[in-house]
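Novice: Provided herewith is a single structure, encoded as structure tokens, for subsequent inquiry.
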Amino acid sequence: MICVKKNGDVLAACDEDLVGKKFEENELVLDIRKSFYLDRKVGEEELSRLLAETKNINLVGEQTINIAKRDKLVNNIGRIKGIPYAIIFRL
């Protein structure tokens with residue numbers, strides 16, 4: 001399952017097993033707070049629909065990123081402690 005929280009034009013989505021964890025590498029920090037990422041849990045189809053209709057997107061985790069890649073929404077992926085993340089802004 002994917003954890004998502006949509007607030008207006010912003011969608012935050014992450015792999016369920018990452019919620020509540022924090023990863024640090026050098027000066028970079030990836031803090032996957034429940035308050036930011038968890039409103040409800042969705043499957044792949046629902047996430048694809050949310051990704052298609054949202055302009056500002058924050059993604060974290062292998063499963064979540066793979067869905068965005070499959071939907072051809074993301075090319076540049078960063079990693080902190082091996083955890084992939086991406087931010088998408090569409091005008």
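Laboratory data are not the source of any read-out in this text; all were calculated from the coordinates shown. Just so it is clear, the structure is predicted and the values come from calculations on it, not from any experiment. Counting neighbours? That spans all protein chains shown, and the Cβs are built from the backbone with ideal geometry, glycine included.
Novice: Pairs needed: first member in region 58-84, within 16 Å of residue 17 (Cα to Cα); second member anywhere, surrounded by 17 or more Cβ atoms within 10 Å (Cβ to Cβ) and among the polar types (S, T, N, Q); C-beta distance under 7 Å; at least 6 residues apart or different chains.
Specialist: The qualifying pairs do not exist here.
Novice: Kindly state which strands (runs of 3 or more DSSP E) lie completely within region 36-80 and contain at least 2 residues that are surrounded by 15 or more Cβ atoms within 10 Å (Cβ to Cβ).
Specialist: Strands (runs of 3 or more DSSP E) meeting the threshold: 56-60.
Novice: Across region 10-28, what is the total count of residues that are touching a Lys or Arg at 6+ places or on another chain (Cβ under 6 Å) and closer than 18 Å to residue 46 by Cβ?
Specialist: Final tally of qualifying residues: 2.
Novice: In this structure, is residue 45 of a type outside the set (A, V, I, L, M, F, W, C) and either under 14 Å from residue 5 (Cα atoms) or in contact (Cβ under 8 Å) with a residue 12 or more places away in the chain (or both)?
Specialist: Numbers: of a type outside the set (A, V, I, L, M, F, W, C): yes; either under 14 Å from residue 5 (Cα atoms) or in contact (Cβ under 8 Å) with a residue 12 or more places away in the chain (or both): no.
For residue 45, the condition - of a type outside the set (A, V, I, L, M, F, W, C) and either under 14 Å from residue 5 (Cα atoms) or in contact (Cβ under 8 Å) with a residue 12 or more places away in the chain (or both) - is not met.
Novice: Kindly establish whether residue 23 is surrounded by 15 or more Cβ atoms within 10 Å (Cβ to Cβ), out of contact with any Ser or Thr (no Cβ under 7 Å at 6 or more places or on another chain), not acidic (Asp, Glu) and not in a helix (DSSP H, G or I).
Specialist: yes
To keep it simple, each residue is scored yes or no on (1) over 12 Å from residue 13 (Cα atoms); (2) of a type in the set (Asp, Glu).
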site: 31; (1), (2): yes, yes
site: 39; (1), (2): no, yes
site: 50; (1), (2): no, no
site: 59; (1), (2): no, no
site: 69; (1), (2): yes, no
